[in-house]
Amino acid sequence: MGGLVKKILVIHGPNLHLLGEREKNIYGETSLDSINKQLLKIAKDAGVTLTILQSNHEGEIVDAIGKSKADKFEAILINPAAYTHTSVAIRDAIAAVSIPAVEVHLSNIYAREEFRHTSLIAPVARGQIAGFGEHSYYWGLQAAIRLISK
Ligand code: DQA
């Protein structure tokens, strides 16, 4: 048995702190802050606790995933952003902790430049939601909640 309240780790990768200002035609007008508020609301309604990290540093993300099991997280919701396409280290960290991870993207990465068509994370994630703007996060969180609510 874990703690009383189930915990989910939310990770936003590089440049996502600029949401709402950054390439609005691709990523939308919603700020990361308001996405986080909505995530916290969904979590509260479901009775789970979120810890939210935004980082532009690969190693910091690897560290957070690496200790997520010891920190008693039961699932990870992650938008690895540009590291999706490059980071063997984040992929290996997810594989190492064997906590279910849900990968999300605001944009449909398969409909964009070819270098975005490959996700190094997808093979170690339980599933991926991409292309629905901020709703990718909300549905991704609901998927993560469902995974740990059995
Ligand atoms: C992204 C897609 C990535 O290709 C890109 O590097 C990002 C954001 C998305 O949410 O659509 O920074 O992960």
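None of the figures in this text is laboratory data; all of them are computed from the coordinates on show. Because the structure is predicted, anything quoted here is derived from the model rather than measured. All Cβ positions, glycine included, derive from the backbone under ideal geometry; neighbour counts span all protein chains shown.
What the table shows:
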{"quantity": "All aspartates and glutamates inside 16 Å of residue 37 as judged from Cα atoms, apart from same-chain residues fewer than 8 positions distant", "calculated": "29, 45, 134"}
{"quantity": "Contour excess over end-to-end distance, with Cα ends at residue 49 and residue 25 and 0.36 nm allotted per residue", "calculated": "5.5 nm"}
{"quantity": "Summed residue charge, Cβ within 11 Å of residue 147's Cβ, Lys/Arg positive, Asp/Glu negative", "calculated": "+3"}
{"quantity": "13 Å cut-off, amide nitrogen to a point 7 angstrom out along residue 149 Cα→Cβ, residues in the range 49-86", "calculated": "49"}
{"quantity": "Global form of the chain, assessed from the alpha-carbon gyration tensor, a/c cut-off 1.5", "calculated": "oblate"}
{"quantity": "The range 18-37 versus the range 49-118: alpha-carbon centroid distance in Å", "calculated": "19 Å"}
